[in-house]
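Read-outs: derived from the displayed coordinates by stated rules, not from any lab. No experiment lies behind these values; they were computed from the predicted model shown. Please note: Cβ atoms are built from the backbone with ideal geometry, for glycine as well, and neighbour counts cover all protein chains shown.
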There are 2 protein chains.
Amino acid sequence: MTKVFFSVAMSLDGFVGPVDPDREKWMEQWMKLQGWQGEQKFFRENLHIGEGGETGVDNDVVKETFERTGVTIMGKRMFDGGETGWPEEAPFHTPVFVVTHRERELWERPGGTTFYFVNDGIESALKQARDVADGRDIRIGGGGQTLIQYLNAGLVDEFTITLVPVLLGEGIRLFERLDTDRIDLVGSDARHSPRVTHLKYTVGSG
Amino acid sequence: MTKVFFSVAMSLDGFVGPVDPDREKWMEQWMKLQGWQGEQKFFRENLHIGEGGETGVDNDVVKETFERTGVTIMGKRMFDGGETGWPEEAPFHTPVFVVTHRERELWERPGGTTFYFVNDGIESALKQARDVADGRDIRIGGGGQTLIQYLNAGLVDEFTITLVPVLLGEGIRLFERLDTDRIDLVGSDARHSPRVTHLKYTVGSG
């Protein structure tokens, strides 16, 4: 059965993204959070950024996350950041639903990624995603605000936190503005590597 | 060699203690964080709060943490809370150094716990603790502010976060007011149970 999930890297002090206005400092913070991923063989192959790379627990997790994903849903802010940042062959290779107020025709990229723009909210995007998931899972891609919206709406079945042993001191917090009384979690798995720890949680309703 | 460490339970959203002024709500939050520990066989025996209890990963961690500890250092706030809360046979069974401005004679409890009151700061407390550690490790017991002071001073060798799959929404944050640039972490171990995940970090200096 199709599951709705998200998967993010989080610093030990709870941040899933940097906020520093200085571009160089921003990149430094971003690398602290995401650097582990750039070293993985599957990630490098998928983005065509180079041969080689590590195999092991981290690579397994990156690969499994990619392979289980039949559709991605993302917010406007993540799309706007990625539109100029992703390579022409965007790394999704599936349909992607972008929740936005802006109306726009679908945007097809080489390699099987097609972006659809949804103007009537997160539940509508999820419904449309279910129709094309084709037995695989639906990933809520981000950003943080979109993850929180889906969590608070009770629409997320499970999520993975890749806990990175760094302290950012400031940034975008994942677990904020959450309706905590409504969310029951079960810690269903933990996989540890020398770089990070991948924690999996199943969501119930409180 | 004697190591300086701390070990705390933290909610997935980063809190190590509740702040709710309502006593009932406070206890409810506290139980969400600490409830797993009360179920462990070793913890129950040590506090004489009942027969039975679980054995397994969580019990192993509680037992190992107790057994490695030759001395505990704590702040005034933790001591004040515990002075009335601990049973007459306080659960440490070792020397305990309390960092406080208040001068006071040592306080001996049945079962081997002796509290010493240190008025000249955290480094002095640590020095005195080293003198009596007797080959075992020194635990910084808390509260949160005391942990941060030792971390910021570069005096902690390693720590364990028991990550509890709950969201408190508010409370005392562990990783706040930290001199993040000075702290390098390596995630050295993770042990998972159906209740919680025990994450171990080794501290270097950045």
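Points to keep in mind about this one:
- Note on chain B: with charges restricted to the Cβ of Lys and Arg (+1) and Asp and Glu (-1), its dipole about the Cα centre is near 180 debye.
- Inter-copy separations for B:P21, label at 7 Å along Cα-Cβ, nm, ascending: 3.5
- In sequence order, calculated HN-Hα J values of the range A:103-119 (Karplus, 6.51, -1.76, 1.60; Hz; x Gly/Pro): 7, 6, 5, 4, 10, 9, 10, x, x, x, 8, 10, 8, 10, 9, 9, 9
- Within 10 Å of each Cβ in B:3-12, the average number of Cβ atoms from other chains: 2
- Of all aspartates and glutamates in the structure, those lying under 15 Å Cα to Cα from B:K41, and not within fewer than 8 positions of it along the same chain, are B:E51, B:E54, B:D58, B:D60, B:E64, B:E67.
- Taking a ≥ b ≥ c as the square roots of the eigenvalues of the Cα gyration tensor, an a/c ratio below 1.5 marks chain B as rounded.
- Residues A:I183, A:I161 arranged by fewest to most Cβ contacts within 10 Å: A:I183, A:I161
- Farthest toward positive dipole pole in chain B [+1 Lys/Arg, -1 Asp/Glu at C-beta], among B:V19, B:A133, B:H48: B:A133
- Global geometry of the range B:64-154, whether rounded, prolate or oblate, following the gyration tensor of its Cα atoms and the 1.5 cut on a/c: rounded
- Whether the range A:1-103 is rounded, prolate or oblate, judged on the alpha carbon gyration tensor where a/c under 1.5 counts as rounded: rounded
- Among A:F6, B:F42, a tally of other beta-carbon atoms within 10 Å of each Cβ gives an order, fewest to most, of B:F42, A:F6.
- Relative contact order [Cα under 8 Å, 6+ residues apart], the range A:4-205, whole percent: 29 percent
- Most mobile listed residue (A:P194, A:P87, A:P165) in chain A, GNM with C-alpha springs under 10 Å: A:P194
- Likely footprinting exposure, A:M1, A:M74, fewest C-beta neighbours within 10 Å first: A:M1, A:M74
- Across peptide A:13-23, the mean count of Cβ atoms from other chains lying within 10 Å of each residue's own Cβ comes to 2.
- Dipole size of the protein assembly as shown about its Cα centre, with +1 on Lys/Arg Cβ and -1 on Asp/Glu Cβ: approximately 0 debye, rounded to the nearest 20.
- Residue-averaged [θ]222 nm for chain B, counting only DSSP H segments that reach four residues, each worth -39500 (n - 2.57): -9500 deg cm²/dmol
- Taking 26 Å as the limit for the C-alpha separation, the pairs A:K76/A:K127; A:K25/A:K76; B:K3/B:K32 exceed it in the case of B:K3/B:K32.
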